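Read through the structure below, which is laid out as structure tokens, and then see the notes.
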Amino acid sequence: MTNSTNSTAIELKGLTFRYPSGRTALNDVICSISDGERVALVGPSGAGKSTLLMHLNGLLPAASVVNEGDAQVFIKSQPVTKGRLREVRRQIGFLFQDPDDQLFCPTVREDVAFGPLNLGLDQDEILNRVNCSLLAVGMPEHGLRNPSQLSTGERKRVCLAGVFACEPAILVLDEPTSNLDPRARRQLLEILRTFPGTQIIATHDLDFALELCQRVLVLDGGQLKADGPVEQVLANSSLMDRHGLEVPWRLRRTQ
Ligand code: ADP
């Protein structure tokens, strides 16, 4: 599991990160995620979840300053370094917590086409990807709407369509269920279940983690505190308690 092979999607080799303020947000995180795994990243606020996700496509450290020999993050066996950012980012689809950080075009179709356009694809391919992606998120009839006039759940699905349109190998999601009502949350769950690639999902929604993921990482104080099968880890009430988390309702009922 810990060796870099072709089947390793994400590998963290002692990831340590300190913000310029001096705050250590990640401390020697070691972990390997295989192709096709769906992994939840949980922990209390301030645990370092967002900081970890931002390292996966080189959003941190700032301005891609990492040199080849210093890499602590590997995506599909490639080090996330300043010389390889472009290749690495082609592999990663990042869904931000707030859809407004991701949507800025006057129509849904233009937003979904933005990534494929940047990849330099031809018009027919872009058209095809936009249509397929809108279909995959259940929004084929919304292409000409203004994203600002959609609900939060719909805006999240448009963001996801934009991510899908780039055909990434790995999805990185930061709090995907925040501000979603139960129906929108359910729709998102079904869509993510159809994505065949690797997923890493930072979430406070442990029921969502339980329904979507096979494996969970517990982060607290920038350190990896647990890594294992989702039902086993989330059912461990003393572990959950120690890290400011609660055993999901479903696992509590069956105990
Ligand atoms: P989480 O996503 O688990 O809530 P974060 O990754 O946002 O945690 O934060 C981890 C730690 O880093 C926290 O102590 C937080 O206060 C700190 N932190 C986050 N962003 C910054 C920043 N831009 N500058 C300084 N410290 C930060």
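The values are calculated or read from the model by the stated rules, or taken from the named source; none is laboratory data. A quick note: this is a predicted structure, and the numbers were derived from the prediction, not measured. Methodologically, a virtual Cβ is constructed for each residue, glycine included, from the backbone with ideal geometry; neighbour enumeration extends over all protein chains shown. Only protein heavy atoms, including side chains, enter the accessible area calculation; ligands, DNA and RNA are left aside. Shrake-Rupley method; radii C 1.70, N 1.55, O 1.52, S 1.80 Å.
A few notes on this one:
- The set of residues in the stretch 137-161 that are small (Gly, Ala, Ser) and in contact with a Leu (Cβ under 8 Å, 6 or more places away or on another chain) comprises 143, 148, 153, 161.
- Residue within the stretch 229-238 that is surrounded by 15 or more Cβ atoms within 10 Å (Cβ to Cβ) and closer than 12 Å to residue 37 by Cβ present: yes
- Residues (at pLDDT 85 or above, in contact with a Lys or Arg (Cβ under 7 Å, 6 or more places away or on another chain), more than 11 Å from the ligand (Cβ to nearest atom) and among the aliphatic types (A, V, I, L, M)) located in the stretch 34-81: 39
- Residue match in the stretch 247-255 (condition: under 20 Å from the mean Cα position of the chain (by Cα) and not hydroxyl-bearing (Ser, Thr, Tyr)): no
Residues are listed down the side, and each one gets a yes or a no for (1) without any contact (Cβ under 8 Å) to a residue 24 or more places away in the chain; (2) in contact with a strand residue (DSSP E or B) (Cβ under 9 Å, 6 or more places away or on another chain); (3) open to solvent by 20 Å² or more (accessible area, probe 1.4 Å):
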{"site": "184", "(1), (2), (3)": "no, no, no"}
{"site": "191", "(1), (2), (3)": "no, no, no"}
{"site": "197", "(1), (2), (3)": "no, yes, no"}
{"site": "216", "(1), (2), (3)": "no, yes, no"}
{"site": "221", "(1), (2), (3)": "no, yes, yes"}
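- Where residue 194 falls short, out of the listed (1) closer than 22 Å to residue 140 by Cα; (2) within 16 Å of the ligand (Cβ to nearest atom); (3) among the hydroxyl-bearing types (Ser, Thr, Tyr): (2)
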